[in-house]
Amino acid sequence: MTSQIKFLMCPPDHYDVDYVINPWMEGNIHKSSQDRAVEQWQKLHQIIKEHAVVDLVPPEKGWPDMVFSANAGLVLDDTVVLSRFLHKERQGEEPYFNQWFEKNGYTVHELPKDLPFEGAGDALLDREGRWLWAGYGFRSELDSHPYLAKWLDIEVLSLRLIDERFYHLDTCFCPLANGYLLYYPPAFDSYSNRLIEMRVAPEKRIVVAEPDAVNFACNAVNIDRIVIMNKASEGLKTRLGDVGFQVIETPLTEFLKAGGAAKCLTLRVTEPLIEERHANIPLESRVIQLEGHLLDAGLINRALDLIVDNGGSFQVLNFNLGEQRQSTSAAEVRVSAPSHELMEEIISQLIDLGAVDLPQDERDAKLEPVIQNGVAPDDFYVTTIYPTEVRINGQWVRVQNQRMDGAIAISQTPEGLIARCKILRDVEVGEQVVVDVQGIRTIRKPESREHRNQQEFSFMSAGVSSERRVELIVEQVAWELRKIRDAAGKVVVTAGPVVIHTGGGEHLARLIREGYIQGLLGGNAIAVHDIEQSMMGTSLGVDMKRGVAVRGGHRHHLKTINTVRRYGNIAKAVEAGVIKSGVMYECVQQNVPFVLAGSIRDDGPLPDTQMDLIKAQAEYAELLKGTEMILMLSSMLHSIGVGNMTPAGVKMVCVDINPAVVTKLSDRGSIESMGVVTDVGLFLSLLIQQLDKLTSPYTQVG
Ligand code: ARG
């Protein structure tokens with residue numbers, strides 16, 4: 001029976017490492033010994049001949065990698081898909097392999113030009129013939145996979161390779177008889193690993209560790225119970241032996257220098273047909289359109305990178321380069337992804353960059369009804385901070401109340417259809433929710449080069465500060481505060497108790513008094529500490545003037561709360577003259593609204609603290625309406641909460657001594673947000689000095 005199995009090999013007459021197209025070849029140019037290569041190849045040839053028939057394709061001078069006949073093409077029954085090599089160094093092998101296939105009666109399919117696919121190096125049949133595993137990421141293009149499915153009439157499962165040492169699927173993956181699989185999981189992305197785990201039962205997976213993997217243990221030739229490879233550890237041999245396989249080792253070190261071993265040196269040309277096969281591939285493709293300063297603003301790079309980083313692939317169909325500095329470019333890009341799930345992930349990120357799904361005038365957003373209050377349909381589109389439009393009945397409708405992490409709810413009103421961003425708990429039966437990722441676009445301000453340089457808030461977005469940067473940012477913030485105050489705009493502060501500990505209380509109080517702040521958000525603590533300081537001169541028991549703990553100081557904190565409770569609330573305590581200064585005092589005096597959101601650890605709390613968090617979130621959102629700038633002062637929770645409610649376009653300045661907090665907020669990625677890693681008390685005092693300087697330009701800042 002085994003005699004019917006046939007392999008194609010190519011003698012190593014012209015084999016050498018002549019160039020570098022994979023990491024193994026690096027440093028190995030002309031370092032392989034011709035004699036040893038011939039000897040190793042002959043041994044392998046001999047072993048395989050004991051178990052199967054071997055045919056030879058004549059080697060060609062000038063094509064040193066032709067020994068790796070696995071890359072000739074992919075064979076199933078009498079059909080072959082010829083390889084299209086990615087690198088020109090190997091493209092010259094194609095006609096020779098083609099000749100051999102044609103001479104031997106195969107039906108040869110050729111892929112379109114510029115669609116690389118490297119044959120059985122990147123496509124491996126399940127040994128039961130149930131499906132084809134196809135690799136992509138380095139040599140073969142994802143878009144070649146649908147051709148394989150069609151021509152070979154088989155289900156194709158795409159696996160993404162992510163470790164360049166394992167650039168071909170057969171370097172890290174080897175289906176074995178009886179449904180076993182020998183493989184090296186870290187060579188694949190997590191999605192691919194999940195796919196493998198879904199298809200191959202745990203007891204059938206033979207995971208190879210790195211030391212075996214780099215010896216090309218997965219690059220094995222399997223004939224029934226026999227597994228032929230360069231080298232295997234004792235552990236691996238035992239593991240394979242336990243499930244009935246016999247390992248035959250044969251050194252192929254000279255070929256490892258070119259990045260290949262046993263499997264690469266062979267091509268099985270008798271792959272039996274299985275009866276009930278059918279073409280099937282979960283791969284999806286869509287065409288998107290991107291417009292803007294694609295080059296200047298780096299948009300096109302970001303778009304293409306995110307496609308690849310998420311396991312997709314792309315083809316730029318059209319690129320209209322804006323020729324003048326001010327003109328925009330437009331690109332049409334075909335995006336492919338190995339599954340619907342990944343496609344949605346990719347498209348939603350592209351939408352964030354301002355991409356539109358094509359053909360845009362034929363695609364309405366997909367809607368599904370809400371069938372349970374407070375629960376959205378499974379596949380709901382998750383909103384971002386960017387102004388968004390959805391296409392309904394051929395019309396682009398602007399989404400109201402833009403915020404991130406919401407759903408888009410559509411409802412019918414007497415004035416017509418409206419689309420609103422809603423947090424999940426607020427969606428209601430009777431509304432429709434946008435699902436999937438089509439018919440959605442975000443409106444991005446064109447970020448041109450000039451724009452980015454001029455926009456005061458953008459030049460150091462998303463970075464971390466050095467000292468000079470702190471100064472620069474303070475200057476900008478001061479300038480911005482002045483502008484907004486002069487135009488009767490709105491600035492909101494979120495503040496944590498650290499503002500008081502670090503001595504920033506008096507500065508913040510002054511900002512409020514002088515009309516720079518139109519709203520204050522925080523928790524119970526900022527208010528208690530501030531009032532404690534005003535009433536007793538301490539903050540959580542620490543003397544603010546001397547910086548030392550006062551005996552029994554913690555009682556100050558509780559007494560403060562008790563006093564405010566006695567008067568009913570903060571405003572009443574201010575009126576009664578009990579609170580005479582500080583942040584909360586100024587809020588009351590200046591009629592600046594504040595919301596204090598409670599938490600599990602609050603002492604008291606103050607009567608003003610909203611302990612119902614759902615209400616607190618709603619009050620925060622209400623107070624934030626119409627805000628142009630938010631100063632986030634050392635309060636991670638309140639700042640992140642606020643960040644989530646705030647659409648793009650609102651300037652956010654996040655000040656925290658902990659870089660992680662700053663980074664977290666800058667991760668929103670909007671150009672208007674920036675982070676400053678510094679002491680918040682210091683920041684506020686610099687800010688006040690800067691504002692003074694702006695008010696009286698002749699005063700020197702001391
Ligand atoms: N030097 C060859 C290349 O980089 C090695 C090919 C190994 N073949 C394989 N099926 N993995 O293309």
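The values are calculated or read from the model by the stated rules, or taken from the named source; none is laboratory data. Note that the structure is a prediction, hence the values are computed from the model and not measured. Every residue, glycine as well, gets a Cβ built from its backbone with ideal geometry; the counts of neighbours run over all protein chains shown. Keep in mind that these areas ignore ligands, DNA and RNA; they rest on the heavy atoms of the full protein, side chains included. Shrake-Rupley method; radii C 1.70, N 1.55, O 1.52, S 1.80 Å.
Observations
- Exclusive hit being touching a residue at least 24 places away in the same chain (Cβ under 8 Å) and not polar (S, T, N, Q), set A549, A573: A573
Here is a yes/no grid of residues against (1) open to solvent by less than 50 Å² (accessible area, probe 1.4 Å); (2) more than 16 Å from the ligand (Cβ to nearest atom); (3) in contact with a Leu (Cβ under 8 Å, 6 or more places away or on another chain); (4) without any contact (Cβ under 8 Å) to a residue 40 or more places away in the chain:
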position	(1), (2), (3), (4)
R90	yes, no, no, no
E93	yes, no, no, yes
F97	yes, no, yes, no
F101	yes, yes, yes, yes
G105	no, yes, no, yes
V108	yes, yes, yes, yes
P116	yes, no, yes, yes
E128	no, yes, no, no
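- Any hit, the range 210-227, residues being closer than 17 Å to V81 by Cα, at pLDDT 95 or above and of a type in the set (A, V, I, L, M, F, W, C): no
- If you filter the range 515-546 down to residues that are part of a loop (DSSP other than H, G, I, E, B) and touching a residue at least 60 places away in the same chain (Cβ under 8 Å), you find that the one that is surrounded by the fewest Cβ atoms within 10 Å (Cβ to Cβ) is G515.
- Qualifying residue in the range 167-180 (condition: among the charged types (D, E, K, R) and either closer than 30 Å to G241 by Cβ or within 16 Å of the ligand (Cβ to nearest atom) (or both)): yes
- Selected residue (criterion: farthest from A495 (Cα to Cα)) from residues of the range 628-656 that are of a type in the set (V, I, T) and touching a residue at least 60 places away in the same chain (Cβ under 8 Å): T646
- Subset of the range 1-49 (residues that are open to solvent by 50 Å² or more (accessible area, probe 1.4 Å) and among the β-branched types (V, I, T)): T2, V20, I29
- Every residue from the range 624-657 that is surrounded by fewer than 20 Cβ atoms within 10 Å (Cβ to Cβ), in contact with a strand residue (DSSP E or B) (Cβ under 8 Å, 6 or more places away or on another chain) and of a type in the set (A, V, I, L, M): M636, L637, I657
- Of all residues in the range 335-353, none satisfies being in contact with a Phe, Trp or Tyr (Cβ under 7 Å, 6 or more places away or on another chain), on the phi > 0 side of the Ramachandran plot and in contact (Cβ under 8 Å) with a residue 24 or more places away in the chain.
- Enumeration of residues in the range 250-266 that are open to solvent by 10 Å² or more (accessible area, probe 1.4 Å) and near the ligand (Cβ under 8 Å from one of its atoms): K263
- Count of the range 82-117 residues which are among the charged types (D, E, K, R) and in contact with a strand residue (DSSP E or B) (Cβ under 7 Å, 6 or more places away or on another chain): 4
- Here the condition is being more than 14 Å from the ligand (Cβ to nearest atom) and hydrophobic (A, V, I, L, M, F, W, C); of I29, I5, it holds for I5 alone.
- Filter pass, Q617 being under 33 Å from the mean Cα position of the chain (by Cα) and at negative phi: yes
- Flag if N562 is polar (S, T, N, Q), open to solvent by 30 Å² or more (accessible area, probe 1.4 Å) and either at positive phi or in a loop (DSSP other than H, G, I, E, B) (or both): no
- Positions within the range 195-242 being open to solvent by 20 Å² or more (accessible area, probe 1.4 Å), assigned to a loop (DSSP other than H, G, I, E, B) and either polar (S, T, N, Q) or within 23 Å of F138 (Cα to Cα) (or both), in sequence order: A209, V214, N215, S233
- Taking the criterion of being of a type outside the set (D, E) and in contact (Cβ under 8 Å) with a residue 60 or more places away in the chain, the residues of the range 160-176 that qualify are R160, R165, Y167, H168, T171, C174, L176.
- Close pairs from the range 476-489: first open to solvent by 10 Å² or more (accessible area, probe 1.4 Å), partner among the small types (G, A, S), Cβ under 9 Å, at least 6 apart: K483/G489; R485/G515; G489/G626
- Qualifying residue in the range 51-71 (condition: open to solvent by less than 10 Å² (accessible area, probe 1.4 Å), of a type in the set (V, I, T) and more than 40 Å from the chain's Cα centre (by Cα)): yes
- If you check G105, G121 for being on the phi > 0 side of the Ramachandran plot and at pLDDT 95 or above, only one passes: G105.
- Residue match in the range 496-519 (condition: touching a Pro at 6+ places or on another chain (Cβ under 6 Å) and not hydrophobic (A, V, I, L, M, F, W, C)): yes
- With respect to the stated conditions, L124 is assigned to a strand (DSSP E or B) and buried (at least 16 other Cβ atoms within 10 Å of the Cβ).
- In the condition set (1) more than 16 Å from the ligand (Cβ to nearest atom); (2) touching a strand residue (DSSP E or B) at 6+ places or on another chain (Cβ under 9 Å), V221 is compliant with all but (1).
- Taken over the range 77-117, the criterion of being in contact with a helix residue (DSSP H, G or I) (Cβ under 8 Å, 6 or more places away or on another chain) and closer than 16 Å to L8 by Cβ is satisfied by T79, V80, V81, L82, S83, E93, Y96, F97, V108.
- Criterion applied to S192, S158 was being open to solvent by less than 20 Å² (accessible area, probe 1.4 Å), more than 14 Å from the ligand (Cβ to nearest atom), polar (S, T, N, Q) and not in a helix (DSSP H, G or I), and the one residue passing it is S158.
- Subset of the range 581-617 that is of a type in the set (A, V, I, L, M) and closer than 25 Å to G515 by Cα - its residue that is surrounded by the fewest Cβ atoms within 10 Å (Cβ to Cβ): V588
- Any hit, the range 134-151, residues being within 14 Å of the ligand (Cβ to nearest atom) and either among the acidic types (D, E) or farther than 19 Å from I281 by Cα (or both): yes
- Those residues of the range 45-83 which are in a strand (DSSP E or B) and either within 16 Å of the ligand (Cβ to nearest atom) or among the hydroxyl-bearing types (S, T, Y) (or both), in sequence order: G73, L74, V75, T79, V80, V81, L82
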